[in-house]
Amino acid sequence: MAIAHEFEYFRPDNLKEVLNLLKKYGDKARILAGGTDLTVYIKEGLEHPEAVIDIKQVRELKSVEVQTDGLYIGAKATFSDILSYREIKKNYLLLWESARSVASVGIRNRATLIGNICSAVPSLDSAPALLCYNAVVHLLGQRGERAIPITDWFVAPRITAKQPDEIVLGVNIPKPSGKQTGCYLKLGRYGGEDLAQAGLGVLYSERFGFRLAYCAVGPIPKRAEKIEKLLQGKTLTDALIEKAKDLVLSEISPITDIRSGKEYRMHMCQIMLQRGLLACVDRMNGKQVDTLRILGG
Amino acid sequence: MAKIKFKLNDEFRTIDVQPNEVLLDVLRDKLGVKSPKCGCDRGDCGACAVMINGKSVRSCLVLAVEVDVQEVRTLEGISKPKLTKLQKAFIEFNSFQCGYCAPGVIISATELLEHNPKPDLEEIKEALSGNLCRCTGYKPIFDAILDVTHKEKKK
């Protein structure tokens with residue numbers, strides 16, 4: 001189907017030009033990287049940009065950079081790029097598993113992680129990982145660069161802290177300290193390509209214990225801080241897991257939609273917490289666990 | 001109107017496109033390349049799959065202007081000069097019924113075998129999870145891919 005809406009297309013090769021275009025068009029401009037969201041939004045009439053700014057040729061923008069103390073995921077990094085790094089699978093397993101759970105290969109080859117957090121739909125798979133790693137979002141605007149902690153990034157469904165005249169350059173993900181592992185549990189209607197009915201990221205370190213974040217079960221993805229606090233410094237026993245499960249409903253606020261009912265989401269978030277915690281403990285002890293299999297489907 | 005020049009199945013093509021023209025439509029209607037099909041038109045079904053710079057993408061989600069100076073390969077290009085072993089296996093196993101999903105499935109499977117010549121069934125399912133087939137239940141598709149990789153193993 002052709003796109004009925006007409007717009008101008010720009011393909012600048014430097015950031016200065018991007019900023020000039022953003023200044024000129026303001027909120028009438030949309031940035032195009034992978035286009036797997038934007039093209040659908042324009043086709044279906046959800047977005048009516050006057051200018052589409054393709055940033056794939058901007059030379060200052062980066063893809064993935066592995067640094068000694070962390071990762072930099074630039075605006076050009078696709079999910080397939082992220083999956084191709086052994087270092088990410090080894091030391092940022094939660095991020096790697098989240099990237100693997102996004103749509104299908106043909107989408108991951110094009111879709112970028114930065115685009116995912118800019119679209120900011122409640123079910124975005126990359127959010128729990130970024131929240132658990134305490135990622136920092138770097139933006140460039142007319143008044144220079146600024147950095148926003150990922151916890152302040154998501155404002156409401158499809159709304160972020162980004163201003164219309166700004167572009168996201170990338171996110172920094174600090175390397176978790178100590179021996180650590182993680183997992184991403186995604187509840188779908190079936191195995192394979194689907195949006196999350198619920199998503200849970202678990203990061204587990206010898207130093208700081210558990211960090212947990214949910215997506216798709218509230219207006220914005222968020223950390224489950226009450227549960228984290230409960231688990232802090234304690235050994236994971238069956239009784240403690242039951243206590244943690246009791247807190248789940250105070251952390252999430254799911255709705256009923258086309259993908260599942262509210263009650264089902266509430267129930268499954270408790271199951272996911274239990275299985276996610278146990279999977280991380282198993283992984284820490286060197287056991288192989290494929291989280292794609294944990295929820296069946 | 002913008003003039004774009006790109007490589008399509010090893011041939012350079014130059015064509016005028018509007019910014020809001022989608023690659024799928026330009027390939028089919030302006031360049032006569034009919035293997036990519038329009039199914040869902042929103043990136044879910046995989047019927048429109050083509051390769052850009054060697055990676056499978058959904059051509060219904062790519063603006064035609066974006067492929068300027070890039071390399072596009074469709075099933076027509078993969079089939080030249082002759083059918084691949086994979087394609088022959090699909091015929092042998094009668095893998096497709098209506099055939100609408102076939103170009104996309106072949107592109108996804110070709111990409112998989114380039115990176116992973118001996119995938120197991122789970123890896124095949126994961127690689128094809130973005131290609132919907134409403135006729136076959138996927139079994140003859142998986143069987144054909146497993147057969148090709150199994151034969152490769154024996155050598």
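Readers should treat all values here as calculations from the given coordinates under stated rules, not as data from a laboratory. In this text, all values refer to a predicted model and were calculated from it rather than measured experimentally. Positions of Cβ are generated from backbone atoms using ideal geometry, with glycine treated the same way; all protein chains shown enter the neighbour counts.
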10 Å Cβ neighbours from other chains, averaged over peptide B:19-31: 3
Sparse-neighbourhood loop sites, trypsin sites (Lys or Arg not before Pro) in segment B:42-105 - DSSP loop, at most 14 other Cβ within 10 angstrom: B:Lys82
Charged-residue dipole, Cβ positions (Lys, Arg, Asp, Glu), segment A:161-232 about Cα centre, Debye nearest 20: 320 debye
Per DSSP, loop trypsin sites (Lys or Arg not before Pro) in segment A:14-75 with at most 14 further Cβ within 10 Å: A:Arg59
Separation of the B:Arg42 and A:Leu46 label points, Cα + 7 Å toward Cβ, nm: 0.8 nm
Positive minus negative residues near A:Gln274 (Lys, Arg vs Asp, Glu; Cβ under 12 Å): 0
With at most 16 other Cβ atoms within 10 Å, longest stretch of chain A clear of loop GluC sites (Glu not before Pro) (DSSP): A:61-205
Inter-chain Cβ neighbour average for residues A:2-10, partner chain, 10 Å: 4
Distance violations [Cα-Cα > 32 Å] among A:Lys186/B:Lys30; A:Lys162/B:Lys30; A:Lys28/A:Lys76; A:Lys175/B:Lys151: A:Lys186/B:Lys30; A:Lys162/B:Lys30; A:Lys175/B:Lys151
Amide H contacts of B:Val22 (H built 1.01 Å from N, under 5 Å, at least 5 apart or other chain): A:Ile3, B:Ala64
Karplus 3J(HN,Hα) series, Hz, for segment A:281-294 with 6.51 cos²θ - 1.76 cosθ + 1.60 (x for Gly, Pro): 4, 4, 5, 4, 8, x, 7, 7, 9, 9, 5, 4, 8, 4
Total formal charge among the other residues, if their Cβ is under 15 angstrom from that of A:Ser63, Lys/Arg +1 and Asp/Glu -1: +3
Unsatisfied cross-links (Cα-Cα over 32 Å) in the set A:Lys56/B:Lys88; A:Lys62/B:Lys139; B:Lys80/B:Lys139; A:Lys243/A:Lys287; A:Lys43/A:Lys89; A:Lys16/B:Lys80: A:Lys56/B:Lys88; A:Lys62/B:Lys139; A:Lys43/A:Lys89; A:Lys16/B:Lys80
Chymotrypsin sites (Phe, Trp or Tyr not before Pro) within segment A:110-216: DSSP coil, no more than 12 neighbouring Cβ in 10 Å: A:Tyr190
Nearest-ten-degree value, helix A:15-25 long axis tilted from longest Cα axis of chain A: 80 degrees
Length gained when the stretch A:Lys287-A:Ser119 is fully extended (0.36 nm per residue, less Cα-Cα span): 56.9 nm
